[in-house]
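Heads up: the structure comes next, in structure tokens.
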Number of protein chains: 2
Amino acid sequence: MTSKKIGEQTLAFDRPPVILGRANAAGRKEGEGPLSATFDYIDNRDTFGQPTWEQSECAMQRQVLSDALKKAGLSGEQLDFLFAGDLLNQCIASAYAARDRCVPYFGLYGACSTMGEGLILASMALDGGFGSHAAVTASSHFCSAERQYRTPLEYGGQRTPTAQWTVTGAGAVVLGRDGSGPKITHATVGKIVDKGVTDTNNMGAAMAPAACAAIAAHLRDTKRSPDFYDLIVTGDLGVLGSELLLELLDREGISLHNHTDCGSIIYDLQAQDVHCGGSGCGCCASVLTGYLLSGLEAGRWKNLLFCPTGALHSPTAAFQGESIPGICHAVAISGGN
Amino acid sequence: MTSKKIGEQTLAFDRPPVILGRANAAGRKEGEGPLSATFDYIDNRDTFGQPTWEQSECAMQRQVLSDALKKAGLSGEQLDFLFAGDLLNQCIASAYAARDRCVPYFGLYGACSTMGEGLILASMALDGGFGSHAAVTASSHFCSAERQYRTPLEYGGQRTPTAQWTVTGAGAVVLGRDGSGPKITHATVGKIVDKGVTDTNNMGAAMAPAACAAIAAHLRDTKRSPDFYDLIVTGDLGVLGSELLLELLDREGISLHNHTDCGSIIYDLQAQDVHCGGSGCGCCASVLTGYLLSGLEAGRWKNLLFCPTGALHSPTAAFQGESIPGICHAVAISGGN
């Protein structure tokens with residue numbers, strides 16, 4: 001075993017990659033929510049100037065990367081790698097967004113955990129000495145996701161109380177080997193956990209066991225108590241999934257008093273009729289690159305554990321009666337310089 | 001810039017990861033083809049014991065990983081990372097195959113370039129000092145791909161002369177930081193290239209420009225002549241795409257006399273009615289883990305440049321009139337100890 005791996009599944013970076021730039025974009029509903037002020041760009045028409053929803057999602061990814069690079073003071077040519085993913089079949093939002101950029105590209109599929117997966121791979125690439133700068137982007141769009149996963153918007157399908165609302169949003173992070181800014185110090189790479197949940201309208205429950213496993217593994221591997229972190233933030237478990245997570249952790253003897261969930265805070269759950277909260281790759285990607293990192297930069301928090309969760313199933317798998325495998329990666333980010 | 005990156009997009013591994021184990025599996029048509037003897041397992045019913053085609057593909061991935069681990073003399077628990085991908089929506093063959101393994105997991109979407117993408121990321125993880133062992137798996141299945149991308153088999157759609165045949169096959173590679181076997185010495189990470197091809201029945205033409213760009217970049221970055229390699233092997237350009245590649249390279253002043261293409265050699269093109277050849281993530285994955293690596297191990301070749309290509313589009317993108325973005329990664333593998 002090598003020195004950069006501690007415990008069973010956690011990486012400790014020798015030279016923690018620095019977040020040099022970050023940007024996000026969101027749609028109308030997100031812009032009307034409590035995190036409105038933390039979005040760099042809000043399109044009240046949700047189209048981002050494009051004729052199809054898939055192209056709208058793609059335009060969001062293009063824009064956030066462009067904005068994050070600007071904030072980092074870098075040109076696209078200075079990127080050694082781009083890691084990107086989304087929820088669309090064949091991850092087309094990411095691929096088409098990267099098409100016009102001449103950057104070495106790794107396409108990811110981690111469902112809603114994509115931002116975490118990308119941050120880990122980008123951090124390994126930089127800490128491993130393979131480059132100086134890497135970017136990670138992830139997105140989701142309510143309208144492209146509804147069309148693909150559920151029913152076309154025009155159908156007007158009803159939602160169950162456990163359902164979540166796919167966030168129209170995207171986030172980009174630009175990482176560097178050098179510079180000042182929040183740093184990625186550790187990362188716990190998630191394992192797939194499937195406890196047999198088959199209800200595709202209750203994804204929080206399907207993903208909570210994976211979140212529990214990743215957080216428990218992270219604390220075990222780093223020998224840290226939950227209180228080391230000012231905030232332990234899951235991706236999009238939503239309200240019900242978050243309750244389940246706390247219960248599952250409690251059974252493992254871990255009590256979290258500093259937990260929040262991107263899906264639970266991105267909307268005003270009562271006023272905005274989103275049932276259990278937000279979901280989608282763009283949910284934690286836009287919350288990380290706005291609310292969370294701005295709070296870290298402002299000194300509101302010092303240490304965050306960012307734990308995006310993903311449900312690695314598909315409509316076809318659901319039709320065939322398969323249960324929903326979940327995954328969660330835990331990424332430790334420390335503020336300041 | 002750091003020392004492990006040479007030129008614009010090539011990584012030179014300080015401690016080249018070693019291929020400790022490899023395994024593949026294939027279906028009937030592949031088993032009837034010229035590479036039959038190089039497959040570890042052939043299922044003449046193509047079902048791999050499962051009731052649905054998606055589950056069949058998943059079973060293939062499970063089996064090849066299991067077999068490759070056995071050949072490497074490792075247990076699943078000794079794997080630090082698993083990198084996996086396939087062509088199915090939401091990459092379910094990979095996720096469900098990994099569900100029962102308790103291994104830190106990275107889901108990839110690189111279309112038919114997935115095996116190359118995975119080998120690069122796994123090599124970075126090991127050479128970067130983040131673990132001792134990593135596995136890469138990739139698969140495709142003719143029947144699950146036809147259902148998803150084209151028409152159900154029962155429809156009996158006709159194929160154009162430029163079309164390729166999705167390979168029913170999977171491959172797994174187990175890499176280690178130590179040990180003896182073929183080594184991954186360099187890798188050129190591909191950029192997305194889109195020259196405006198919109199014909200989804202002519203993927204070879206869509207991907208050839210990306211293959212040309214990756215091979216040219218690799219040779220430029222490493223300052224190697226094509227003759228350094230005994231074989232430069234593209235993934236699944238097929239016959240037409242391969243012709244285009246040679247023509248495009250020729251225009252760049254590079255003439256290849258040692259090129260072959262997994263898609264062009266996996267079938268008997270005349271006798272097996274596959275038009276331009278094989279395609280799918282499983283095509284180059286099964287050819288690499290059989291024909292190519294066995295040849296390397298046997299000393300038939302010393303240096304291979306493995307260049308899997310991927311088309312990063314989707315049926316939805318095609319319906320919306322989008323052209324097909326291609327990608328190609330080039331992975332240099334040296335035989336012996």
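The values are calculated or read from the model by the stated rules, or taken from the named source; none is laboratory data. Being a predicted model, the structure only gives us computed values, none of them experimental. Neighbour counts are summed over all protein chains in view; Cβ atoms, including those assigned to glycine, are modelled from backbone coordinates with ideal geometry. These accessible areas exclude ligands, DNA and RNA; they are computed on the full protein's heavy atoms, side chains included. Shrake-Rupley method; radii C 1.70, N 1.55, O 1.52, S 1.80 Å.
At 7 angstrom along the Cα-to-beta-carbon line, where would the label on A:Glu32 sit relative to the other copies? Give the distances in nm, shortest first.
Ordered by increasing distance: 5.9 nm.
Using alpha carbon centroids, what distance separates region B:23-68 and region A:134-156, in Å?
If you average the Cα positions of each part, the centres end up 34 Å apart.
Would you mind pulling out the separation of the Cα centroids of region A:216-231 and region B:179-240, in Å?
So the two Cα centres are separated by 43 Å.
For chain A, set up a Gaussian network in which alpha carbons nearer than 10 Å are linked by springs, and say which option among A:Gly171, A:Gly299, A:Gly238 fluctuates the most.
Highest fluctuation among the options: A:Gly299.
Using a 7 Å offset from Cα along the direction of the beta-carbon, what are the separations from B:Asp268 to the same position in each other copy, nm, ascending?
The answer, with the shortest distance listed first, is 7.2 nm.
Show the residues, 5+ positions off or on another chain, whose built amide H is closer than 5 Å to the amide H of A:Val103.
Here the answer is B:Ile192, since their amide H atoms fall under 5 Å of that of A:Val103.
Not counting the cut sites, what is the longest span of chain B without trypsin sites (Lys or Arg not before Pro) that DSSP labels loop and that have at most 11 other Cβ atoms within 10 Å?
That gives B:46-222 as the longest site-free run.
Just to verify a number: FRET efficiency for B:Gln50 and B:Glu154, C-beta to C-beta distance, R0 = 22 Å, to 0.05?
About 0.75, to the nearest 0.05.
What percent of all Cα-Cα pairs in region B:1-130 falls in each 10 Å bin, counting up from 0?
Per 10 Å bin, starting at zero, the Cα-Cα P(r) for region B:1-130 comes out as 12, 37, 35, 14, 3, 0 percent.
Please state, to two decimals, what the Cα-based radius of gyration of the protein assembly as shown comes to when divided by 2.2 N^0.38 Å (N = residues).
0.87
Given an 8 Å cut-off on Cα distances and at least 6 residues of separation, report the relative contact order of chain A as a percent.
Taking the mean separation of contacting Cα pairs over the length of chain A, I get 25 percent.
Would you mind finding the longest exposed-site-free stretch of chain B, with exposed GluC sites (Glu not before Pro) meaning DSSP loop and at most 16 other Cβ atoms within 10 Å?
B:33-251
Can you work out which chain A residue has the shortest Cβ-to-axis distance for the rotation that carries A onto B, and give it in Å?
For the rotation taking chain A to chain B, the closest Cβ gives A:Gly128, 1.
Quick one: Karplus J couplings for region B:206-222, per residue in order, coefficients 6.51, -1.76, 1.60, θ = phi - 60°, nearest Hz, x for Gly and Pro?
Karplus values, whole Hz, x for Gly and Pro: 5, 8, 4, x, 5, 5, 4, 4, 5, 5, 4, 5, 4, 5, 5, 5, 8.
Which residues, if any, in region A:184-221 have at least 20 Å² less accessible area in the whole protein complex than in the isolated chain, probe 1.4 Å?
Residues passing the criterion (a loss of at least 20 Å², heavy atoms only) are A:Val189, A:Lys191, A:Ile192, A:Asp194.
Would you calculate the separation in nanometres between label points at A:Ala318 and B:Ser180, each defined as 7 Å from the Cα along the Cα-to-beta-carbon direction?
5.3
Show that you can apply the helix-only estimate: for the protein assembly as shown, add -39,500 (n - 2.57) for every DSSP H stretch of four or more residues, divide by all residues, and state [θ] at 222 nm to the nearest 500.
-9500 deg cm²/dmol
Accessible area lost on pairing A with B, both sides, 1.4 Å probe, Å² to nearest 100?
5200
If you put a point 7 Å past Cα along the Cβ direction, how far is that point for B:Tyr155 from the same point in each other copy, in nm, smallest first?
Label-point separations across copies, in nm and ascending: 1.9.
For all pairs of alpha-carbon atoms in chain B, what percent lies in each bin of width 10 Å, listed from the first bin to the last filled one?
In order of increasing distance, the bins hold 6, 29, 38, 22, 5, 0 percent.
Per residue and in Å³, how big is the convex hull formed by the alpha-carbon atoms of region A:158-296?
Hull volume normalised by residue count: 123 Å³.
What is the calculated FRET efficiency for A:Asp250 to B:Arg15, with r their C-beta to C-beta distance and R₀ = 41 Å, to the nearest 0.05?
0.40
Could you run the Karplus curve 6.51 cos²θ - 1.76 cosθ + 1.60 with θ = phi - 60° over region B:110-126 and give me ³J(HN,Hα) per residue in whole Hz, x for Gly and Pro?
Going residue by residue, I get x, 6, 6, 8, 4, 4, x, 4, x, 4, 5, 5, 5, 5, 4, 5, 6 Hz, with x marking Gly and Pro.
Please calculate how many Å² of accessible area the protein assembly as shown carries per residue, with a 1.4 Å probe and no DNA, RNA or ligand atoms counted.
Roughly 32 Å² per residue, with all protein chains present.
For region B:238-337, what is the convex hull volume of the alpha-carbon atoms per residue, in Å³?
Cα convex hull per residue, to the nearest whole number: 130 Å³.
Could you work out the Kirkwood radius for region B:76-144, taking every pair of different alpha carbons, averaging 1/r and inverting it, reported in Å?
One decimal place: 12.2 Å for the Kirkwood radius.
If you roll a 1.4 Å probe over region A:182-272 with all protein chains in place, what percent of the accessible area is carbon or sulfur?
Carbon-and-sulfur percentage of accessible area, whole number: 49.
Could you give the size of the charge dipole of chain B about its Cα centre, using +1 on the Cβ of each K and R and -1 on the Cβ of each D and E, expressed in debye and rounded to the nearest 20?
660
Among B:Ile327, A:Ile42, what's the order by accessible area (1.4 angstrom probe), most exposed first?
Highest to lowest solvent-accessible surface, that is A:Ile42, B:Ile327.
Once you have the Kirkwood Rh of region A:287-337 from its Cα pairs, apply Stokes-Einstein at 10 °C and 1.306 mPa s and quote D in µm²/s.
121
Please list, ordered by chain and number, the residues whose modelled amide H lies under 5 Å from the amide H of A:Val331; skip anything fewer than 5 residues away on the same chain.
Answer set, sorted by chain and number: A:Thr188, A:Phe306, A:Cys307.
In whole percent, how big is the carbon plus sulfur part of the accessible area of region A:41-98, probe 1.4 Å, protein atoms only?
47
Could you tell me the extents of region A:45-89's C-alpha atoms along the three principal axes, largest first, rounded to whole Å?
For region A:45-89, the Cα spread along each principal axis is 31, 23, 12 Å.
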